[in-house]
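Inspection log for the structure reproduced underneath, given as structure tokens.
What follows is calculated from the coordinates using simple rules that are stated; it is not laboratory data. What you are looking at is a predicted structure, and each value in this text was computed from that prediction instead of being measured. In this analysis, Cβ positions are derived from the backbone assuming ideal geometry, glycine residues included, and neighbour counts consider all displayed protein chains.
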Amino acid sequence: MSLDVGTGKTTMEPCLESMKTASLPDLPYAYDALEPAISEEIMRLHHLKHHQTYVTNYNKALDHLRSALSSGDHSSVVKLQSQIKFNGGGHVNHAIFWKNLAPVHEGGGKPPQDPLSSAIDAHFGSLEELMQKMNSEGAAVQGSGWVWFGLDKELKRLVVETTANQDPLVTKGSHLVPLIGIDVWEHAYYPQYKNARAEYLKNIWTVINWKYASDIFEKHNRGLNEF
Amino acid sequence: MAIRSLASRRTLTGLKETSSRLLGLRSIQTFTLPDLPYDYSALEPAISGEIMQIHHQKHHQAYVTNYNNALEQLDQAVSKGDASAVVKLQSAIKFNGGGCHVNHSIFWKNLAPVKEGGGEPPKGALGGAIDTHFGSLEGLVKKMSAEGAALQGSGWVWLGLDKELKKLVVDTTANQDPLVTKGGSLVPLVGIDVWEHAYYLQYKNVRPEYLKNVWKVINWKYASEVYEKECK
């Protein structure tokens with residue numbers, strides 16, 4: 001960035017050539033590994049079609065952003081934000097989601113240990129009550145979205161939140177860290193559960209990867225003295 | 001699969017109000033799911049019988065049920081003067097009432113089997129208006145399909161008449177928002193549901209393919225009737 005002392009204008013040369021593109025992460029398990037909770041058909045479509053589309057469209061939007069910035073087309077820069085938020089959000093959210101799930105034989109469904117377990121009891125009463133809260137908020141999402149279990153780093157507490165469409169959890173507060181996200185878009189369950197979103201939410205807990213959630217919680221907890 | 005004989009087919013006149021209950025100081029009317037004016041399989045291959053059955057019997061029925069529940073709760077809240085509850089209920093009423101009463105009721109009328117005129121281009125005043133505003137029917141179809149495909153999340157794509165400005169418009173709404181939420185003078189002529197439940201079982205993630213095929217069963221006769229009525 002350089003400052004023209006005479007005019008007071010700054011010019012920025014964005015290093016856009018080094019802008020990394022996103023890529024579809026591999027699933028850490030086979031497509032049928034989450035059955036019977038989530039069918040292989042859904043996992044394949046969800047990963048290879050939906051997530052891949054978000055990655056592709058996010059990269060396209062970044063490409064257009066690069067051109068718009070280079071040419072100083074700020075109108076286009078602003079217009080592109082919707083595509084970036086939607087597709088980038090889709091990529092971010094699904095990348096977390098695949099890690100939030102695990103086959104039963106790899107610990108999927110196994111309840112969390114301390115310190116996350118005690119924190120859950122302190123904030124929600126019990127693990128069952130947390131699950132119940134997430135299920136009812138997830139079922140109540142109008143349209144497409146996500147239900148989240150997160151850590152509020154600033155207020156030092158656990159929260160349950162929902163976001164619309166592909167909005168990541170940070171859109172509800174920049175100090176929110178996602179621990180568990182559950183996709184409640186219809187594509188996440190429809191071929192198997194049809195309109196019965198509540199049934200999907202009831203069953204998904206059998207493959208939730210609490211170990212991952214615990215790792216994230218402990219990583220962010222190290223900076224916080226007590227919880 | 002429900003068999004509906006042509007002889008006993010009922011035309012869709014809107015939601016049937018079958019019961020009224022005296023609650024508080026006045027009666028509220030509840031709604032029931034209207035019958036489809038055609039068999040569940042009648043729109044194949046554009047829309048599968050499986051989708052039609054679930055869409056009608058599960059999704060639309062759920063909106064009706066939840067709308068009735070919300071109306072009952074609203075009545076109680078108003079009677080008790082519980083303004084906080086009244087406000088809280090507006091979301092459920094807009095979502096279920098908007099989705100149930102307005103959007104899906106229009107949608108079933110917007111569709112027709114091919115042998116009953118589904119897909120047949122609009123004639124008369126509406127046909128002319130479409131050419132004037134969009135260049136051609138193909139131009140309109142392309143625009144609606146593109147906007148429907150681009151809709152982020154769940155929602156609807158509409159062909160509407162702006163009564164005030166006297167022109168046709170293409171617009172989208174999110175979730176179950178009816179077209180009027182985009183402007184009080186807008187009258188829906190054709191609405192296409194682009195929630196995933198409207199196409200996923202048949203088209204999976206390929207919403208553009210659903211949008212390409214749904215035009216084969218669009219009931220332009222109904223759209224023309226609404227248009228001519230509003231233009232008088």
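Taking label positions 7 Å along the Cα-Cβ direction at both B:Lys123 and A:Ile84, the computed distance is 5.3 nm, reported to one decimal. Among the trypsin sites (Lys or Arg not before Pro) in region B:137-201, those placed in a DSSP loop whose Cβ has at most 11 other Cβ atoms within 10 Å are B:Lys166.
For trypsin sites (Lys or Arg not before Pro), the sites in region A:67-173 that DSSP calls loop and that have at most 16 other Cβ atoms within 10 Å are A:Lys153, A:Lys156.
In plain terms, the residue of A:His123, B:His197 with the fewest other Cβ atoms within 10 Å comes first and the most crowded comes last, giving A:His123, B:His197.
For region A:37-226, the square roots of the Cα gyration tensor eigenvalues, ordered a ≥ b ≥ c, give a/c of at least 1.5 with a/b no greater than b/c, which places it in the oblate category. Taking a ≥ b ≥ c as the square roots of the eigenvalues of the alpha carbon gyration tensor, chain B is prolate, as a/c is not under 1.5 and a/b beats b/c. Placing pseudo-labels 7 Å out from each Cα toward the beta carbon at A:Asp114 and A:Ser70 gives an inter-label distance of 5.7 nm.
Here the extension length gained between B:Glu228 and B:Ala146 equals 26.9 nm, from 0.36 nm per residue of separation less the Cα-Cα distance.
Counting only lysines at least 8 places from A:Lys85 when in the same chain, those with an alpha carbon closer than 24 Å to its own are A:Lys20, A:Lys49, A:Lys60, A:Lys99, A:Lys153, A:Lys172, B:Lys143, B:Lys182, B:Lys204. For region B:109-232, the square roots a ≥ b ≥ c of the C-alpha gyration tensor eigenvalues yield an a/c of 1.5 or more together with a/b not exceeding b/c, which makes the shape oblate.
Segment A:Gln52..A:Ala95, full-extension length gain: 14.4 nm, with 0.36 nm per residue of separation and the alpha-carbon distance subtracted.
Under the membrane-span-like helix rule (DSSP H runs whose alpha carbons stretch at least 15 Å along the helix axis, mean Kyte-Doolittle hydropathy 1.6 or higher), chain A yields none. For a straight C-alpha distance cut-off of 21 angstrom, the lysines reachable from B:Lys115 (same-chain residues fewer than eight places away being disregarded) are B:Lys123, B:Lys212, B:Lys216, B:Lys221. Projected label points at A:Ala140 and B:Ser136, each 7 Å from Cα along the beta carbon direction, are separated by 5.1 nanometres.
Of the chymotrypsin sites (Phe, Trp or Tyr not before Pro) found in region A:28-131, not one falls in a DSSP loop while having at most 13 other beta-carbon atoms within 10 Å. Between A:Ser174 and A:Ala30, full extension at 0.36 nm per residue minus the direct alpha carbon distance yields a gain of 48.5 nm.
Placing +1 on the Cβ of every Lys and Arg and -1 on the Cβ of every Asp and Glu, with no other charges, gives the protein assembly as shown a dipole of roughly 1000 debye about its Cα centre.
Straight-line cross-link partners of B:Lys167 among the aspartates and glutamates, defined as a Cα under 17 Å from its Cα and at least 8 positions apart when in the same chain: B:Asp131, B:Glu225, B:Glu228, B:Glu230.
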